[in-house]
């Protein structure tokens, strides 16, 4: 995806240089023997501005900016200062998008009628105590796809409230862009149609009102179809076929034993969603309460999680390769946390100390689990560990799980944290402050916001019914 971004930014179309001469498993030969990546077009298009930022910094040619970025990570490219800065800039991509997902999650909580305090706590848990935190360091497409899916869902919910058709169109467009970013997002189309159908039923539409039903479907479906067509056209430009994605050459199929894949995603020490993101366990006590308050939304959240888990349990590469946690089902984490807002709403009123002790423990455990994923590159760990051991060990033997194994690599040569590298590289005080000061300002502003939200949780669109939690005002 980085190489596709590079080609687009340099006005060279979609042709890329393969990692290995003659091709590799991540590229496929297309027209005239040129190579193309397998992955969706959505994220490379969004990342082009970041590439230009890297070009600008590189063009300054200031020696103090030559930070000596660590070079002992596995290298898939020829190193140069310009290339380093391009990759350094694009590495910030999800450090912009992941906070944006948290902001949308916060706003969605307010839309659902929950207080600022409730919405903020769930957003904080998602951003710091799930695999969303380490994935903000990567250029995988799952975080960007999550942003699009959440935006699409919020737009449909907004249509449910306002009956303004522009929200239908934006929902279809955002889901379409999610498909353009990650093709597997297409499995959610039936779920969105079910949600739209439930809203039509709640609105009181009957089959005799087929014109209005058709109108809603067209407003939502046409933008979706346009982006799906773009995804097919992208395939045609690369490989001469609307249905040839490039993945076919990887030889991966839906041939894995279903129960084994299901066990791996839910229970294995190396990929379990509950081990890598402990707070999502709160979904189970929360869903019943959420169902009573938001039935259609509860069906959607549970259905999305189920769709991804059932889909990838059969996929030959269910584990998602060398990543932190279960990459292929990354998108479900946010939707498993949305129902937790209903649980927080209940207990913010009762001041149940035992409950908040459990919440604190889950939050602390979740953050602790993410620390090794942040400080040590999972590429380094898997590459070096598998010199002597099979992949099976990291998946099923607890002591070799990345959650445990990364701690063994918590040494100066492997700690992959920019500010730590900045300190080791002996930069001048002013160069260090140029990077550290914005981080300090962010922390201070975040602390002020946190204090204000937790001190007086007043929602943006609802009246206050108590000092602890607010009830929605029906209009």
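The values are calculated or read from the model by the stated rules, or taken from the named source; none is laboratory data. These numbers were taken from a predicted model, which means no experiment stands behind them. When we count neighbours, we look across all protein chains shown, and the Cβ atoms used for this are built from the backbone with ideal geometry, even at glycine.
Output the residues belonging to the range 7-46 that are at pLDDT 90 or above, over 20 Å from residue 235 (Cβ atoms) and either touching a helix residue (DSSP H, G or I) at 6+ places or on another chain (Cβ under 9 Å) or in the same structural domain as residue 98 (by TED's automatic domain parsing) (or both).
Of everything in the range 7-46, those that are at pLDDT 90 or above, over 20 Å from residue 235 (Cβ atoms) and either touching a helix residue (DSSP H, G or I) at 6+ places or on another chain (Cβ under 9 Å) or in the same structural domain as residue 98 (by TED's automatic domain parsing) (or both) turn out to be 9, 10.
Tally time: how many residues in the range 227-274 are farther than 24 Å from residue 305 by Cα, part of a loop (DSSP other than H, G, I, E, B) and at pLDDT 90 or above?
Result for the range 227-274: 1.
Say we look at the range 311-355 and pick out the residues that are in a helix (DSSP H, G or I) and out of contact with any helix residue (DSSP H, G or I) (no Cβ under 7 Å at 6 or more places or on another chain); which of these is surrounded by the most Cβ atoms within 10 Å (Cβ to Cβ)? Before you say what the answer is, go through the steps one by one.
Initially, the range 311-355 is screened for residues in a helix (DSSP H, G or I), giving 311-313, 327-329, 332-337, 340-350, 353-355.
After this cut, where a residue has to be out of contact with any helix residue (DSSP H, G or I) (no Cβ under 7 Å at 6 or more places or on another chain) as well, the list is 349-350, 353-354.
Numbers: 349: 12, 350: 10, 353: 9, 354: 8.
In this case the residue turns out to be 349.
Residue by residue through the range 180-207, note down the ones that are touching a residue at least 60 places away in the same chain (Cβ under 8 Å) and farther than 24 Å from residue 294 by Cβ.
Correct list: 180, 181, 182, 183, 184.
Please pick out the residue among 300, 290, 284 that is modelled with pLDDT of 95 or more and exposed (fewer than 15 other Cβ atoms within 10 Å of the Cβ). Write out each step before concluding.
Numbers: 300 fails: exposed (fewer than 15 other Cβ atoms within 10 Å of the Cβ); 290 fails: exposed (fewer than 15 other Cβ atoms within 10 Å of the Cβ).
Result: 284 is the single residue among 300, 290, 284 that is modelled with pLDDT of 95 or more and exposed (fewer than 15 other Cβ atoms within 10 Å of the Cβ).
If you check residue 219 against the conditions, is it over 26 Å from the mean Cα position of the chain (by Cα) and within 21 Å of residue 195 (Cβ to Cβ)?
Values: over 26 Å from the mean Cα position of the chain (by Cα): yes; within 21 Å of residue 195 (Cβ to Cβ): yes.
It is true that residue 219 is over 26 Å from the mean Cα position of the chain (by Cα) and within 21 Å of residue 195 (Cβ to Cβ).
Scan the range 101-120 for residues that are within 13 Å of residue 449 (Cβ to Cβ) and touching a residue at least 40 places away in the same chain (Cβ under 8 Å) and report the count. Show your work before the answer.
Going through the range 101-120, the residues within 13 Å of residue 449 (Cβ to Cβ) turn out to be 102-103, 106, 116-117, 119-120.
Subsequent filtering for residues that are touching a residue at least 40 places away in the same chain (Cβ under 8 Å) retains 116-117, 119-120.
Summing the residues that are within 13 Å of residue 449 (Cβ to Cβ) and touching a residue at least 40 places away in the same chain (Cβ under 8 Å) in the range 101-120 gives 4.
Return a yes/no flag: does the range 30-41 have any residue that is surrounded by 15 or more Cβ atoms within 10 Å (Cβ to Cβ), without any contact (Cβ under 8 Å) to a residue 40 or more places away in the chain and touching a strand residue (DSSP E or B) at 6+ places or on another chain (Cβ under 7 Å).
Yes, there is a match, as at least one residue in the range 30-41 is surrounded by 15 or more Cβ atoms within 10 Å (Cβ to Cβ), without any contact (Cβ under 8 Å) to a residue 40 or more places away in the chain and touching a strand residue (DSSP E or B) at 6+ places or on another chain (Cβ under 7 Å).
Kindly list the number of the only condition in (1) assigned to a helix (DSSP H, G or I); (2) under 26 Å from the mean Cα position of the chain (by Cα); (3) modelled with pLDDT under 85 that fails for residue 50.
Tallying (1) assigned to a helix (DSSP H, G or I); (2) under 26 Å from the mean Cα position of the chain (by Cα); (3) modelled with pLDDT under 85, residue 50 fails exactly one: (3).
Run residue 147 past the list (1) closer than 15 Å to residue 40 by Cβ; (2) at pLDDT below 95 and report the number of the one that doesn't hold.
(2) is the only condition that residue 147 fails.
Which is under 21 Å from residue 394 (Cβ atoms) and either modelled with pLDDT of 95 or more or assigned to a helix (DSSP H, G or I) (or both), of 359, 371?
On the way: 359 fails: under 21 Å from residue 394 (Cβ atoms).
Criteria check complete, one pass: 371.
If you go through the range 183-211, how many residues are farther than 28 Å from residue 235 by Cβ and surrounded by fewer than 16 Cβ atoms within 10 Å (Cβ to Cβ)?
Total meeting the criteria: 12.
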